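Written below as structure tokens is the structure these notes are about.
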Amino acid sequence: MFLKTTIEERACELAAYIIETRATVRAAAKKFGISKSTVHKDLSERLEHFNKPLYLCVKEVLEFNKAERHLRGGQATRLKYKGE
């Protein structure tokens, strides 16, 4: 899903998607067909300037995902070597 919108609209759509699905930055980037760095910059820097309430909501999800990333990485490694 490639977005041909303004940066503000893109950031709001990304934030809504991440809040709704609790998706990771990587998953959102793949879904919207943009880079992880673009997703991260839109959500952590740009969104704060024009939609503070949405920024605060998405920030909670991003912090939760960051706190749990070592668990997801461990699970992925376990599955890789079990052949599942």
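In deg cm²/dmol and to the nearest 500, what is the mean residue ellipticity at 222 nm of the chain if only DSSP H runs of at least 4 residues count, each as -39500 (n - 2.57), divided by the residue total? Provide the component values of the computation, followed by the final result.
Numbers: 5 runs with 64 residues, N = 84.
So the helix-based figure for the chain works out to -24000 deg cm²/dmol.
Distance between Cα centroids, the range 57-77 to the range 1-47: provide it in whole Å.
16 Å
I'd like the projected area of the range 15-73, averaged over all directions, using the convex hull of its alpha carbons. Report it in nm² with one decimal. Don't jump to the answer; show the numbers that get you there.
On the way: hull surface 15.2 nm².
Quarter of the Cα hull surface area: 3.8 nm².
Pairs to check: 41/80; 36/59; 30/82. Give those whose C-alpha atoms are more than 20 Å from each other in this structure. Before the final figure, lay out the partial values.
Details: 41/80 30 Å; 36/59 16 Å; 30/82 26 Å.
Among 41/80; 36/59; 30/82, the Cα-Cα distance tops 20 Å for 41/80; 30/82.
None of the figures in this text is laboratory data; all of them are computed from the coordinates on show. Predicted model only: the values in this text are computed from it and were never measured.
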